[in-house]
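Quick notes on the structure that follows.
The values are calculated or read from the model by the stated rules, or taken from the named source; none is laboratory data. The shown structure was predicted, so the numbers you read here are calculated from the model rather than taken from an experiment. Every residue, glycine as well, gets a Cβ built from its backbone with ideal geometry; the counts of neighbours run over all protein chains shown. Please note that ligands, DNA and RNA were not included when accessible areas were found on the heavy atoms of the full protein model with its side chains. Shrake-Rupley method; radii C 1.70, N 1.55, O 1.52, S 1.80 Å.
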Amino acid sequence: MTFKFEIEGGNFSKAGNASSAVKKILKQINVPPAIIKRLVVALYEGEVNVVAHARKGWIKVVIEPEEIFVNIEDEGPGIPNIELAMQEGYSTASQKVREMGFGAGMGLPNMKKNADLLNITSQVGKGTNVEIIIFLNQSHK
Amino acid sequence: MTEDRFYHALKVSEDLCFGCTHCMNVCPVEAIRIENGKATIRDNWCVDCGECMRVCPVNAIYVEQDDFNQIFRFKCRVALVPSVLIGQFPAEVTEAAIFSVMREMGFTHVFQTEHTAGYIIRSMIEASRDAEDKPVISSFCPAVVRLIQIKFPALLPQVIRIKPPIDTSAIYFRKRLENEGYHPGEIGIFYVTPCAAKIAAVKSPVGEDSSPLNGVINMDLIYNKIFRLIKNRTNRNSISPGEMLPLLSPRSIKYCLTGGEANAMEGRCLAIDGIHNVIEFLEKLENDEFTDLDFLELRACDQSCAGGVLVGGNRFLTTERLNKRAQRFHGVADIPGDVKAYSGFLSERISLGDIKPRSMLILDEDMGEALRKIQQVRHLMCYLPGIDCGACGAPRCQSLAEDIVREEARLTACVFIQRMMEKHQKLSGEHAIKIIEKIWGRKRLEKNCNKKGAENDSE
């Protein structure tokens with residue numbers, strides 16, 4: 001089953017809305033709280049990244065019996081060096097974004113920590129595509 | 001998931017309730033539906049916050065209480081009173097007077113709930129230093145603990161496993177009385193409660209096998225009794241001095257007010273009161289939207305316990321009076337000497353046990369089936385008008401849709417769906433009225449001048 005959400009770039013007060021909507025669905029279908037937490041934390045980081053850097057973005061959540069697949073796609077500047085972006089503390093966020101309490105350079109590392117599989121592809125000047133997989137049966141990990 | 005029935009102190013009077021939906025619309029967990037013209041509360045969903053009771057225009061929602069005379073089953077009759085009881089009285093009514101009339105009522109001992117507050121703060125500071133998952137969340141407000149159980153189970157590990165003052169003080173005073181020579185069976189400890197949630201916490205405790213209290217007495221009842229006795233005696237000028245109560249420190253006096261814990265804890269601490277505010281915050285906390293927070297004090301009532309549903313006095317005045325009282329006790333130690341002497345005993349008993357999740361959001365235990373139901377809900381939402389009028393007896397269109405897939409309601413409960421069906425000749429007007437009467441009671445739509453606000457309303 002697939003759910004789709006739109007993300008508005010630059011609107012920090014709404015960052016988290018999509019994560020909360022996904023969270024409600026996961027609670028309704030009896031996903032264990034610990035797994036919900038990991039997925040939602042990863043998703044929220046992704047959502048904030050879109051809000052902080054991109055013009056707009058889309059979240060697609062596919063729930064299968066074995067796994068939850070999340071795709072976060074945006075129209076934005078893209079990431080020139082993904083390896084660097086994965087390092088803790090590395091951030092390209094503007095001063096304005098940092099003043100709001102975001103941009104500590106923990107976004108992608110935190111996503112990696114919480115996802116079972118994380119795949120990021122990006123085209124500079126066009127946008128970024130993030131894929132997250134979390135297994136529902138943790139023995140598959 | 002636990003299957004136990006949960007005790008709830010909040011009850012609906014069938015005689016008084018006329019099905020006005022005020023409670024249904026304000027319930028923070030959407031636990032109320034209207035059936036046969038009366039509000040019904042879903043046992044497994046209700047967190048006993050008391051919001052429904054606050055808004056009921058006809059006092060149809062009430063807090064069930066134990067018979068006051070039950071205290072006389074015990075030789076040693078202890079009233080455990082929180083500071084908000086005192087805060088309701090004007091400054092010229094002294095603690096000594098309040099506690100002496102309480103002894104006249106039949107209590108042999110009157111103790112203050114916050115007597116162990118300083119000790120609890122110390123234990124919470126120690127526990128939160130070792131906590132891996134920050135911020136830790138206070139276990140003080142039982143409505144909040146229940147809210148986390150049903151709505152935010154992922155946050156349960158962050159609830160601090162330290163018993164709140166009501167339990168810790170009951171354990172402490174019981175032990176002290178036993179040491180004074182009372183037989184355990186002779187001691188009855190009764191909590192004078194400012195809210196429904198604490199009653200539920202005593203009757204079906206969370207994180208404990210059994211409550212250390214023997215019963216609960218509603219604060220509004222005691223407040224009225226004390227007020228009457230004090231009014232009657234001022235003329236007689238015959239106040240019995242009564243034993244001196246141990247003094248509470250300013251922090252302990254203010255413990256049950258907003259900020260009472262947060263101001264005493266270490267690090268970055270927040271105090272949030274009002275259950276809707278708490279829900280809004282927990283929603284974001286669960287997404288990990290906040291970093292660097294150490295401690296959360298969350299209270300279901302506005303102005304914390306001063307705003308409890310059983311607190312008769314104005315909550316803002318109660319808060320102000322307690323703050324003033326606290327100033328007078330500047331210099332009193334947070335942990336009284338007698339509690340210090342029992343710290344070894346208390347340290348072995350202050351920990352809370354396991355707090356189990358019992359999510360009410362789950363549509364089905366089986367994930368595949370639950371997914372199918374979500375799809376069904378979304379499909380139903382295509383037809384429901386999204387007006388959230390409540391005429392179906394559920395608070396929102398979404399809740400009606402979820403009730404339908406749980407097989408607890410029917411789509412025809414929606415008056416707009418009925419109108420569309422009538423238009424397409426799929427439903428007769430007579431049938432539609434029958435459906436409405438099932439939800440709103442018989443003859444509900446007939447002229448009745450005795451209704452609230454109608455011609456013959458006598459209020």
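In the set (1) in a loop (DSSP other than H, G, I, E, B); (2) under 30 Å from B:ARG174 (Cβ atoms); (3) open to solvent by 40 Å² or more (accessible area, probe 1.4 Å), the condition left unmet by B:PHE72 is number (1).
Scanning segment B:320-346 for residues that are over 28 Å from the mean Cα position of the chain (by Cα), assigned to a loop (DSSP other than H, G, I, E, B) and of a type in the set (A, V, I, L, M, F, W, C) yields B:PHE329, B:VAL332, B:ALA333.
Could you please find all residues in segment B:389-413 being within 11 Å of A:GLN28 (Cβ to Cβ) and away from every other protein chain (no Cβ under 14 Å)? Answer for segment B:389-413, where residues must be within 11 Å of A:GLN28 (Cβ to Cβ) and away from every other protein chain (no Cβ under 14 Å): there is none.
So which residues in segment B:20-55 are over 25 Å from B:GLN149 (Cβ atoms) and either free of Cβ contacts under 8 Å to residues at least 12 places away in the same chain or open to solvent by less than 40 Å² (accessible area, probe 1.4 Å) (or both), if there are any at all? Before you say what the answer is, go through the steps one by one.
Pass one, segment B:20-55, residues over 25 Å from B:GLN149 (Cβ atoms): B:20-22, B:34-38.
Correct list: B:CYS20, B:THR21, B:ILE34, B:GLY37.
Comparison of B:ILE150, B:ILE166 shows that the only residue that is within 14 Å of chain A (Cβ to nearest Cβ), of a type in the set (A, V, I, L, M, F, W, C) and more than 18 Å from B:LEU293 (Cβ to Cβ) is B:ILE150.
With open to solvent by less than 10 Å² (accessible area, probe 1.4 Å) and either within 20 Å of the chain's Cα centre (by Cα) or among the charged types (D, E, K, R) (or both) as the only criterion, which of B:GLU266, B:GLU280, B:GLU286 stands out? Steps first, please.
Details: B:GLU266 fails: open to solvent by less than 10 Å² (accessible area, probe 1.4 Å); B:GLU280 fails: open to solvent by less than 10 Å² (accessible area, probe 1.4 Å).
Only one candidate passes the filter, namely B:GLU286.
Residues that are within 14 Å of chain A (Cβ to nearest Cβ), of a type in the set (Asp, Glu) and touching a residue at least 12 places away in the same chain (Cβ under 8 Å) are absent from segment B:366-388. A:ALA21 satisfies every condition listed in (1) within 10 Å of another protein chain (Cβ to nearest Cβ); (2) open to solvent by 10 Å² or more (accessible area, probe 1.4 Å); (3) of a type in the set (A, V, I, L, M) except (1).
Residues in segment A:37-53 that are open to solvent by less than 10 Å² (accessible area, probe 1.4 Å), of a type in the set (A, V, I, L, M, F, W, C) and either at the interface with another protein chain (Cβ under 9 Å from one of its Cβ atoms) or farther than 30 Å from B:VAL405 by Cα (or both): A:VAL40, A:VAL41, A:ALA42, A:LEU43, A:VAL50, A:VAL51. Pick from segment B:326-365 the residues that are more than 30 Å from A:PRO65 (Cα to Cα) and among the β-branched types (Val, Ile, Thr): which of them is nearest to the other protein chains (Cβ to nearest Cβ)? Step by step, filter segment B:326-365, then rank; the result is B:ILE350. Restricting attention to segment A:65-80 and to residues that are surrounded by fewer than 13 Cβ atoms within 10 Å (Cβ to Cβ) and modelled with pLDDT of 85 or more, the residue that is nearest to the other protein chains (Cβ to nearest Cβ) turns out to be A:GLU66. Exactly one residue among B:GLY386, B:GLY453, B:GLY393, B:GLY429 is in contact with an Asp or Glu (Cβ under 7 Å, 6 or more places away or on another chain), open to solvent by 30 Å² or more (accessible area, probe 1.4 Å) and outside the structural domain of B:LEU155 (by TED's automatic domain parsing), and that residue is B:GLY429. Of all residues in segment B:185-205, those that are within 16 Å of B:TRP45 (Cα to Cα) have Cβ atoms under 6 Å from Cβ atoms of residues that are among the acidic types (Asp, Glu), 6 or more apart or on another chain, in B:ALA196/B:ASP48; B:ALA197/B:ASP48; B:ALA200/B:ASP48. Among the conditions (1) within 11 Å of the chain's Cα centre (by Cα); (2) over 19 Å from A:PHE12 (Cβ atoms), A:THR121 misses just one, which is (1). What is the one condition in (1) farther than 21 Å from B:ARG378 by Cα; (2) in contact with a Phe, Trp or Tyr (Cβ under 8 Å, 6 or more places away or on another chain); (3) more than 10 Å from chain B (Cβ to nearest Cβ); (4) open to solvent by less than 30 Å² (accessible area, probe 1.4 Å) that A:VAL62 does not satisfy? Here A:VAL62 meets the rest and fails (1).
Which members of segment B:57-69 meet the condition of being over 16 Å from the mean Cα position of the chain (by Cα) and either crowded, with 24+ Cβ neighbours inside 10 Å or not aromatic (Phe, Trp, Tyr) (or both)?
B:PRO57, B:VAL58, B:ASN59, B:ALA60, B:ASP66, B:ASP67, B:ASN69
The rows are residues; the columns are (1) touching a strand residue (DSSP E or B) at 6+ places or on another chain (Cβ under 8 Å); (2) at pLDDT below 95; (3) open to solvent by less than 50 Å² (accessible area, probe 1.4 Å); (4) not hydrophobic (A, V, I, L, M, F, W, C).
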| residue | (1), (2), (3), (4) |
| --- | --- |
| B:LYS151 | no, yes, yes, yes |
| B:LEU155 | yes, yes, yes, no |
| B:SER169 | yes, no, yes, yes |
| B:PHE190 | yes, no, yes, no |
| B:PRO194 | no, no, yes, yes |
| B:ALA197 | no, yes, yes, no |
| B:ASP209 | no, yes, no, yes |
| B:GLY215 | yes, yes, yes, yes |
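Taking the criterion of being in a strand (DSSP E or B) and small (Gly, Ala, Ser), the only residue of segment B:75-94 that qualifies is B:ALA79. Inside segment B:75-92, can you point out the residues that are in contact (Cβ under 8 Å) with a residue 60 or more places away in the chain and surrounded by fewer than 18 Cβ atoms within 10 Å (Cβ to Cβ)? The answer is B:LYS75, B:PRO90, B:ALA91.
In contact with a Cys (Cβ under 9 Å, 6 or more places away or on another chain) and assigned by TED's automatic domain parsing to the domain that holds B:VAL93 - does that describe any residue in segment B:231-251? No: segment B:231-251 contains no residue that is in contact with a Cys (Cβ under 9 Å, 6 or more places away or on another chain) and assigned by TED's automatic domain parsing to the domain that holds B:VAL93.
Just checking, does segment A:93-106 include any residue being hydroxyl-bearing (Ser, Thr, Tyr), exposed (fewer than 14 other Cβ atoms within 10 Å of the Cβ) and in a helix (DSSP H, G or I)?
Initial filter on segment A:93-106 (hydroxyl-bearing (Ser, Thr, Tyr)): A:94.
When the remaining residues are screened for being exposed (fewer than 14 other Cβ atoms within 10 Å of the Cβ), the result is A:94.
Filter once more, keeping what is in a helix (DSSP H, G or I): none.
No, there is no match, as no residue in segment A:93-106 is hydroxyl-bearing (Ser, Thr, Tyr), exposed (fewer than 14 other Cβ atoms within 10 Å of the Cβ) and in a helix (DSSP H, G or I).
Looking only at segment B:347-388, residues that are more than 27 Å from the chain's Cα centre (by Cα), within 17 Å of B:LEU400 (Cα to Cα) and of a type in the set (A, V, I, L, M, F, W, C) come to 8 in all.
Within segment B:213-226, not a single residue is within 14 Å of chain A (Cβ to nearest Cβ) and small (Gly, Ala, Ser).
Listed by first and then second residue, the pairs linking a residue in segment B:307-323 that is within 25 Å of B:GLU64 (Cβ to Cβ) to a residue that is aromatic (Phe, Trp, Tyr), with Cβ atoms under 7 Å apart and 6 or more places separating them unless they lie on different chains, are B:GLY312/B:TYR223.
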